[in-house]
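The values are calculated or read from the model by the stated rules, or taken from the named source; none is laboratory data. Here the structure is a predicted model, which is why all the values come from computation and not from measurement. Virtual Cβ from ideal backbone geometry, glycine too; neighbours counted across all protein chains shown.
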Amino acid sequence: MNKVICQRCVLDNQNIEIFFDKNGYCNFCEEYLNKRLKKNSETSNDNKLDETINLIKQSGKNKRYDCIVGVSGGVDSSWVLKKAIDLNLRVLAVHMDNGWNSELAQNNIANLIKSSGVDLYTHVIDWEEYRNLMQSFFDADVVDVELLYDNAMLALNYRIARKFGIKYILGGTNTATEGMTMPSNWNWFKYDKKNIIGISNKFTKQKLNSFPSIGILGYFFYEFFYKIKWISILDYMDYEKFEAMKILSEDYGYKPYPYKHYESVFTRFYQGYILPKKFGIDKRKLHLSTLILNNVLSREEALKDLSKIPYPDQFSLDEDVEYFLKKMNWSKEELSDYLRRARVEHDEYPSSKFLWSFLKNINIFYAKYFGKGNLFQPNR
């Protein structure tokens, strides 16, 4: 099959869900631009931000904290923390250490916390338990190994919010750098605790002992019984990634990463090596396309970036390969065998995704015909 690249962004026909109009523009960037246009026509960001901050402060009355900000050491979450402090919110920063933090990420978090003076809650995951769960996902040959981290991160933030009576969690997700729809075969439903358990039971038999996890029932429990809400606060303000990095570097000694989400050694290795090699997926295309559509980066610059390996250099990649092998206790032959094996879909194992989709369709129907419907937050 000949490679066809969108004439406006850099997504191509390796994505099985893509199609192009007569101008050579793809459905993904068209959808994103329409979504952004609709957002811009709604209530102004200033009004929405003021309303949201007032709600957060009101919910925090007579409590120690107004909100949680999950910090990873990446630019998005670091900027959320800075802006929350600027808005005079009493923040509890929450970090989950899954054993794959880069030294750079640890330093960025330490500098931010020290300079800002906010409290930091760090949860360190049991490494042997987590390693066994990761091994199960590798043995299963499913695409979204990061489901483990993402699910645990969601569970942990909800858990800490409940513990301190906090009603709002400010996330770093945003339309400015990651607003384009992810192709459905690039990842998996993040609340699929059933999938995690099913895959683990089939392979390593690892039980979820101390591992934070959340399923559909837990989601509804936290959202509707405890009324804890996630907010993509960056969507309520002007957010320009490179300007944010500049300010963070000057004020907090922040050190940037070459690509999005590369603050984690595993995420860097997963997105920069495993996904392209085993699954034919290069997530840079999606991130760079979003920057193009927001006039932050030219299409020519993005294409030049994509012509290089998704690592700072070959030496860094070789280092990460060795680090991964040692940490997972794999041989080079085991890694080669894993990369050669065919992909297996998540729904080949027990899953709650179809129940989630059914409930989501009910919510869409309810919203359409009754004017209400907020069971599902689209940013997660």
Checked against (1) surrounded by fewer than 14 Cβ atoms within 10 Å (Cβ to Cβ); (2) within 24 Å of the chain's Cα centre (by Cα); (3) at pLDDT 95 or above, GLY24 satisfies every condition except (2)
Please report, ordered by residue number, the helices (runs of 4 or more DSSP H) entirely within region 1-107 with at least 3 residues that are closer than 22 Å to SER232 by Cα and among the β-branched types (Val, Ile, Thr).
-> 45-59, 75-86
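Which one of these is among the polar types (S, T, N, Q), more than 20 Å from HIS95 (Cα to Cα) and surrounded by fewer than 17 Cβ atoms within 10 Å (Cβ to Cβ): ASN187, ASN209, ASN201?
On the way: ASN187 fails: surrounded by fewer than 17 Cβ atoms within 10 Å (Cβ to Cβ); ASN209 fails: more than 20 Å from HIS95 (Cα to Cα).
After ruling out the rest, the residue left standing is ASN201.
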Residue check: is LYS360 among the basic types (Lys, Arg), surrounded by 13 or more Cβ atoms within 10 Å (Cβ to Cβ), touching a residue at least 60 places away in the same chain (Cβ under 8 Å) and closer than 30 Å to ASP192 by Cα?
-> no
Looking across region 319-328 at residues that are more than 22 Å from PHE203 (Cβ to Cβ) and charged (D, E, K, R), the single one that is surrounded by the fewest Cβ atoms within 10 Å (Cβ to Cβ) is GLU322
Among the residues of region 269-285, is any more than 21 Å from the chain's Cα centre (by Cα) and of a type outside the set (D, E, K, R)?
-> no
If we scan region 342-355, do we find a residue that is loosely packed, with under 12 Cβ neighbours inside 10 Å and over 24 Å from the mean Cα position of the chain (by Cα)?
-> yes
How about region 108-166: which of its residues are of a type in the set (Ser, Thr, Tyr) and over 18 Å from ARG343 (Cα atoms)?
-> SER115, SER116, TYR121, THR122, TYR130, TYR149, TYR158
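Quick grid of which residues meet (1) among the polar types (S, T, N, Q); (2) in contact with a Gly (Cβ under 6 Å, 6 or more places away or on another chain); (3) at pLDDT 90 or above:
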| site | (1), (2), (3) |
| --- | --- |
| LEU306 | no, no, yes |
| TRP330 | no, no, yes |
| LEU335 | no, no, yes |
| LEU339 | no, no, yes |
| ARG343 | no, no, yes |
| LEU359 | no, no, no |
| ALA367 | no, yes, no |
Those residues that are within 25 Å of ASN98 (Cα to Cα), of a type in the set (A, V, I, L, M, F, W, C) and not in a loop (DSSP other than H, G, I, E, B), I need them from region 312-366; list them, please.
-> PHE315, LEU317, VAL321, PHE324, LEU325, MET328, LEU335, LEU339
Among residues of region 246-266 being touching a Phe, Trp or Tyr at 6+ places or on another chain (Cβ under 8 Å) and modelled with pLDDT under 95, the residue surrounded by the fewest Cβ atoms within 10 Å (Cβ to Cβ) is PRO258
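Quick check on this structure: which one of SER336, SER331, SER316 is closer than 24 Å to VAL265 by Cβ, surrounded by 13 or more Cβ atoms within 10 Å (Cβ to Cβ) and polar (S, T, N, Q)? Spell out the reasoning first.
Numbers: SER336 fails: surrounded by 13 or more Cβ atoms within 10 Å (Cβ to Cβ); SER331 fails: surrounded by 13 or more Cβ atoms within 10 Å (Cβ to Cβ).
Answer to the check: SER316.
Can you find, within region 285-301, the residue that is surrounded by the fewest Cβ atoms within 10 Å (Cβ to Cβ) among those that are touching a helix residue (DSSP H, G or I) at 6+ places or on another chain (Cβ under 9 Å) and of a type in the set (S, T, N, Q)?
Kept after step one, since they are touching a helix residue (DSSP H, G or I) at 6+ places or on another chain (Cβ under 9 Å), are these residues of region 285-301: 285-294, 296-299, 301.
With the extra rule that they be of a type in the set (S, T, N, Q), the set shrinks to 289-290, 294, 298.
Numbers: SER289: 24, THR290: 24, ASN294: 17, SER298: 11.
In this case the residue turns out to be SER298.
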Listed by range, helices (runs of 4 or more DSSP H) wholly within region 120-186 having at least 3 residues that are at pLDDT 95 or above and of a type in the set (Asp, Glu) are 127-140
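Give the number of residues within region 5-21 that are more than 23 Å from the chain's Cα centre (by Cα) and surrounded by 15 or more Cβ atoms within 10 Å (Cβ to Cβ).
Taking region 5-21 as the starting set, the residues that turn out to be more than 23 Å from the chain's Cα centre (by Cα) are 5-8, 13, 19-21.
When the remaining residues are screened for being surrounded by 15 or more Cβ atoms within 10 Å (Cβ to Cβ), the result is 5-6, 8, 13, 20.
Residues meeting the conditions: 5.
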Among (1) part of a loop (DSSP other than H, G, I, E, B); (2) small (Gly, Ala, Ser); (3) surrounded by fewer than 18 Cβ atoms within 10 Å (Cβ to Cβ), where does ALA110 come up short?
-> (1)
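Does VAL71 meet the test of being closer than 30 Å to LYS326 by Cα and at pLDDT below 95?
Numbers: closer than 30 Å to LYS326 by Cα: yes; at pLDDT below 95: no.
It is false that VAL71 is closer than 30 Å to LYS326 by Cα and at pLDDT below 95.
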